1. Add +1 for every Lys or Arg and -1 for every Asp or Glu among the other residues with Cβ under 12 Å from the Cβ of GLY35, and state the total.
2. Points 7 angstrom from Cα along the Cβ direction at ASP48 and ASP116: gap in nanometres?
3. Just list whichever of LYS174/LYS303; LYS45/LYS303; LYS53/LYS269; LYS221/LYS343 have alpha carbons separated by over 31 Å in the model shown.
4. In nm, give the distance between the simple-model label positions of ARG242 and ASN279, each being 7 Å from the Cα along the Cα-to-Cβ direction.
5. Take the alpha-carbon centre of segment 313-335, take the same for segment 71-137, and report the distance between them in whole Å.
6. What is the extension gain from ALA141 to ASP208, computed as 0.36 nm multiplied by their sequence separation minus the C-alpha to C-alpha distance, in nm to one decimal?
7. Relative contact order of the chain: what whole-number percent is it, with Cα pairs under 8 angstrom and at least 6 residues apart?
8. Report the local net charge at THR311: Lys and Arg +1, Asp and Glu -1, summed over other residues whose C-beta lies under 13 Å from its C-beta.
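Throughout, read-outs are computed from the coordinates displayed, never taken from laboratory work. Just so it is clear, the model here is predicted, and its values are computed rather than measured. Cβ placement follows ideal geometry from the backbone for every residue including glycine, while neighbour counts extend to all protein chains displayed.
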Amino acid sequence: MFSMFAVLLPLILSSCGGDGDWLTMYVGTYSDGFGAYLLNQRTGKAGDNPFAKAPMPNPSYLALDGDRVYAVSEMPDSTAAVYAWHLYTRIFENLGSQLTGMPSGGEDPCYVAVGDGLLAVANYSGGTMALYRLLPGGGIAPLDSLIHSCTGGPDLSRQAEPHVHCAVFTPDGKHLLFSEFSADRIGVVDIDGQDVSGYRCAAQLHSDYGPRHLLFDASGKHLYVIGELSGDVTVFDYDDGRLTEKQTIRADRVDARGAADIHLSPDGKFLYASLRLQNDGIAVFKVADDGTLTDAGYQNTGKHPRNFNITPNGRYVFVACRDEDAIEIYRRNTRTGLLEDTKRRIHTEKPVFVGWVPNKYTVH
């Protein structure tokens, strides 16, 4: 396998200036690779083309760890894998990969998270949570632990087989939480260094919930869960691996059964949830001091906003609209939380992930 790869493409933005203004933006796709773009978060403008591209099939979700990128290859067969990459200015170095396909883990890996020396991969098909140890150079060791989820939800068209959709390491570093889509519950395991044990149910959600993405707030005291099937967002209090349900509020007003992603604004005052399949868009909620939510508005977007993200300065929201072949850019009102379409687009094939890290290079 190759070890280095670069795609050298022209940039609109060719130099870095202004402390904290410049980011390296990564775009994952249902295509033949993910790209790195130069983004100015003060203006919300990015290059039309990536300045580097990492070739791999269906990199649908990425975990960003400085210059290292861990990307799942969401394939529906034994070629499913998780890859490790390192970005050197305009070159991606491949640090290796591990297969996640059965029998070693599961097919259609759709989420990856980095912990302290560990990598967690959620395998949608097969319904497993796979954990790998990270090597000193950033590579991925062979499969270390495999957790099998179960069923129990009432939707026989979508919950008949086990599915796992997301994983988050808890802020205290002691646990890993993951969404058990087909069982309508949140699972948890204990983390002791790089040892994993104690799989159990942390929270049972209401029937037909279909938990998808999980999100901690900056305090680490509140966990937010979005239900793909129910269209609900549930707020939990968190304490040492234990979850206490505090509130459930509806995000999907049309019962489209396609809720996707959630993010908090950098100041923690607003929560955003993307909805697909009907009335595609982003629901906006105001966050109270106790973590609970109240409805603040709704912004329609292009088709299938599978994933989105908010710039660190809070000014812009970038929405990966898979079926538009475009990332849509929205201006965010930091006072009201509401969004305004800038009409600017980054065109790329089937984008399904957008994220960033501070830019440390001057790219010409």
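1. Within the 12 Å Cβ shell, the charges total -1.
2. Between ASP48 and ASP116, the simple spin-label model gives 4.7 nm.
3. LYS174/LYS303; LYS53/LYS269; LYS221/LYS343
4. A separation of 3.8 nm, rounded to one decimal place.
5. One Cα centre to the other: 27 Å.
6. Numbers: separation 67, 0.36 × 67 = 24.12 nm, distance 3.63 nm.
Full extension of this stretch gives 20.5 nm more.
7. Value for the chain: 12 percent.
8. Net charge around THR311: +3.
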